[in-house]
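Any read-out appearing in this document is the output of simple, stated calculations on the displayed coordinates, not a laboratory observation. Values in this document were obtained by computation on a predicted structure and should not be read as measured data. When we count neighbours, we look across all protein chains shown, and the Cβ atoms used for this are built from the backbone with ideal geometry, even at glycine.
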Amino acid sequence: MTEVEDRISRRQVDKFAERRAQLATSALHTLSELGYARTSLREIAQNSEFSHGVLHYYFRDKVELITYCVKQYKAECVTRYDQIVATAETADGLCKDFGEAMAGTLRDDGAMHRLWYDLRNQSLFDEAFRADVHEIDATLEEMIWRIVSTYSELSNAPVTVPRAMAYGLFDGLFQQGLLRYLSGRHEALAELSSAVQQTLPKLIT
């Protein structure tokens, strides 16, 4: 392949990836409102400016579209929490910022996280989702571990639990908070922030 052909090929790949990202962003609202079981590519097309044929050209099926959407959103979510780690100066400040960020995520992006839990639950029944769910879960576990280990360093005290347990604790708190919040209990925001700030110090000695 010549250099010119290589550049053209790369541009085509970039354009394809850019188009997929645009389609995923457009589909997110419908997916997050209806969930996996109640959504088809045709229904997503009806609720967006793109045709069913266009969606099918860029995504094999709704499994590929949903996993792409969730991966894209979770990648953005991780960068927000990494910013908390990057700017942390004290253990107490990190703990407070983490709790407030979890509550903010619950308030602003509850529907998207509902889609994530829907996808993860679906992977228990549908093997097609499992590899992607494991990959996303691993990314989130690493994100939580960066917060916990940074808190440990700022506190000058060792962490007493493995990373999988730390992730399980905070993921469980968030999922419980999400269910309460979606049920109309707006106090779930403050409860989640408080629970996170109470839990983090208990993970070090």
Check your understanding: Top mean-square fluctuation among Thr30, Thr160, Thr39, Gaussian network model of the chain, C-alpha springs under 10 Å?
Key -> Thr160
Review point. Length gain on complete extension for the stretch Leu124 to Gln198, per 0.36 nm per residue less the alpha carbon to alpha carbon distance?
Key: 23.5 nm
Review point. Which of these, Phe50, Phe59, Phe129, has the largest mean-square fluctuation under a Gaussian network model of the chain (Cα springs below 10 Å)?
Key: Phe50
Point to revise | Cα pair distances exceeding 13 angstrom across region 150-190, given as percent | key: 63
Review point. Put +1 on the Cβ of every Lys and Arg and -1 on every Asp and Glu Cβ in region 1-118; which of Ala103, Thr30, Ala45 then has its Cα farthest towards the positive end of the dipole?
Key: Ala45
**Study point:** Overall Cα dimensions of the chain, principal axis frame, Å, largest first
**Key:** 56, 48, 28
Revision key, fill the gap. Of Met112, Met165, Met102, the most mobile residue in a GNM of the chain (C-alpha springs, cutoff 10 Å) is Met165
Exercise for review: Using the Cα centre as the reference, give the magnitude of the dipole from point charges on the C-beta atoms of the chain (Lys, Arg: +1; Asp, Glu: -1; all else neutral), rounded to the nearest 20 debye.
Suggested key: 360
Revision key, fill the gap. For the pair Asp92 and Val13, the simple spin-label estimate (label points 7 Å beyond Cα toward Cβ) gives in nm 5.1
Review point. Using 1/(1 + (r/R0)^6) with R0 = 30 angstrom and r between the beta carbons of Met165 and Ala111, what's the FRET efficiency to the nearest 0.05?
Key: 0.60
Point to revise | Ascending count of other beta-carbon atoms within 10 Å, so fewest first, for His113, His29 | key: His29, His113
Exercise for review: Measure out, as a whole number of angstrom, how far apart the alpha-carbon centroids of region 145-205 and region 16-66 sit.
Suggested key: 33
Point to revise | Value at 222 nm in deg cm²/dmol, rounded to 500, when DSSP H runs of n ≥ 4 in the chain each add -39,500 (n - 2.57) | key: -27000 deg cm²/dmol
